[in-house]
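Below you'll find the structure, written out as structure tokens, and then a few comments.
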Amino acid sequence: MKKVYNFSAGPACLPEPVLEKAQKELVIYKNAGMSVMEMSHRSNDFTKIIESAETNLRKLMNIPDNYKVLFLQGGASSQFSMIPLNLYKNGKADFIITGQWSNKAMAESKKYLDVNVLASSEDESYTYIPSVEDIKVSEDADYVHITLNNTIFGTKYNKLPNCKNIPLVADASSCILSEPIDIEKFGIIYAGAQKNIGPAGLTVVIIRDDLIGNAKPETPTMFNYETHSKANSLYNTPPTYSIYLANLVFEWILGLGGLQKMNEINIEKAKILYDAIDNSSLFKGTVLKKDRSLMNVPFITGSEDLDSKFIEEAKQIGITNIKGYRTIGGMRASIYNAMPIEGVKLLVEFMKKFEEDNK
Ligand code: PMP
């Protein structure tokens, strides 16, 4: 069967050269005589893999020495609990609410501390990012939490709130590695791997040193950042194969020219799709233009029947997983790093044809 263009929001498409390299090394990895999946996480071969993954991620994201890189499990959703458990001091946290994931993060924090909503875009169904210009974070907040890119609604921050000395904690699950970011503006950046990093099962946490080692005493060992930091992510068995594959993805991005280059490609791809939406009399974007995501592009026809027809016919020509989030409807094209520009061009061509055929 021919490979399709997979526009899924995650688990998402992976770069083809990465999959091909993994295929070559699947049964026997280099001189190990066995698959990466079969080797001890304490073996020399795997030690080299995890060290290389960290080195490459540090290089890609320009991560300063006073930040730790942790390769964890439990998905971004586990971070929703680890953050309050580890950052608890005054028992208060500020949130900016931009959709389902920030709501979920806040609900989990609320189990441990008082939460305060600094701003929310709920009034317009999360179709924009609240202005952060005039936001005043609470002086006694233990952290300020934001979702950098909203996977479901297709919005992203172009400006960060000024948090002064309060740690800014960001869920970067659906935008990590899509563009350069200034790590020093954040206390913690975390992301589930299954969009821009690699296969599901790995969660990357980039955390400033001083935020480690202060967990609430009742924190489960596995939920304490100190546990994983002290053990260099090898306290217990990490998701070894996902780490190996993530490293191949890091090497792939470095080979393309790093995050600056990746960002240029992403801007070009997103422009093709947004231009098609803006020039169409059938398809409409659902998000305020200035807050549009480069990674997740939601659009609608205005008719549920036409949306379903579009999704069905797209599938027949190899454009899959373009259906909007189950509670939202419409379409959503996730165009992460690994989505080739040809996939976006095919989608746009199909949109034009569909519009012609359904006049
Ligand atoms: N945050 C964001 C922004 C997401 O898009 C997702 C998953 N789509 C999650 C959190 C939850 O991630 P996980 O499934 O890794 O727990």
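Remarks
- Projected area, mean over directions - the chain, Cα convex hull, nm²: 18.2 nm²
- Applying a threshold of 18 Å to the alpha-carbon distances of Lys2/Lys315; Lys156/Lys315; Lys68/Lys185; Lys111/Lys195 flags Lys156/Lys315; Lys111/Lys195 as lying beyond it.
- Pairs over the 21 Å Cα-Cα cut-off, from the set Lys104/Lys164; Lys89/Lys110; Lys269/Lys352; Lys92/Lys216; Lys289/Lys309; Lys3/Lys24: Lys104/Lys164; Lys289/Lys309.
- Amide hydrogen neighbours beyond the local backbone of Ala333, cut-off 5 Å, H modeled: Val297, Phe299
- Rounded to whole numbers, the Karplus 3J(HN,Hα) couplings from phi for the stretch 347-354 are 4, 5, 4, 5, 4, 5, 5, 4 Hz, using 6.51 cos²θ - 1.76 cosθ + 1.60 with θ = phi - 60°, and x at Gly and Pro.
- A Förster radius of 30 Å combined with the Cβ-Cβ distance from Leu346 to Glu264 puts the calculated FRET efficiency at roughly 0.90.
- For the stretch 130-204, the spread of Cα positions along the three principal axes, ordered from largest to smallest, is 39, 22, 20 Å.
- Residue ranges 251-264, 330-343 sort as 330-343, 251-264 when ordered by packing (mean number of other C-beta atoms within 10 Å per residue, highest first).
- Point-to-point label distance, Glu16-Leu306, nm (Cα→Cβ direction, 7 Å offset): 3.3 nm
- Distance in nm between pseudo-label sites at Asp134 and Ala231 (7 Å out along the Cβ direction from Cα): 4.9 nm
- Taking amide hydrogens as placed 1.01 Å from N in the peptide plane, the amide H of Tyr143 sits under 5 Å from those of Asp94, each at least 5 positions away in sequence or on another chain.
- According to the Kirkwood relation over distinct C-alpha pairs, the hydrodynamic radius of the stretch 238-359 is 15.6 Å.
- Point-charge dipole on Cβ atoms (K/R +1, D/E -1) for the stretch 79-231, about Cα centre, debye to 20: 340 debye
- Distant alpha-carbon pairs in the stretch 32-190 (separation over 28 angstrom), percent: 27 percent
- Normalised per residue, the volume of the convex hull around the Cα set of the stretch 103-235 (Å³): 132 Å³
Values in this text are rule-based calculations from the coordinates and carry no lab data. Since we're looking at a predicted model, the values are computed, not measured. We place every Cβ from the backbone using ideal geometry, glycine too, and count neighbours over all the protein chains shown.
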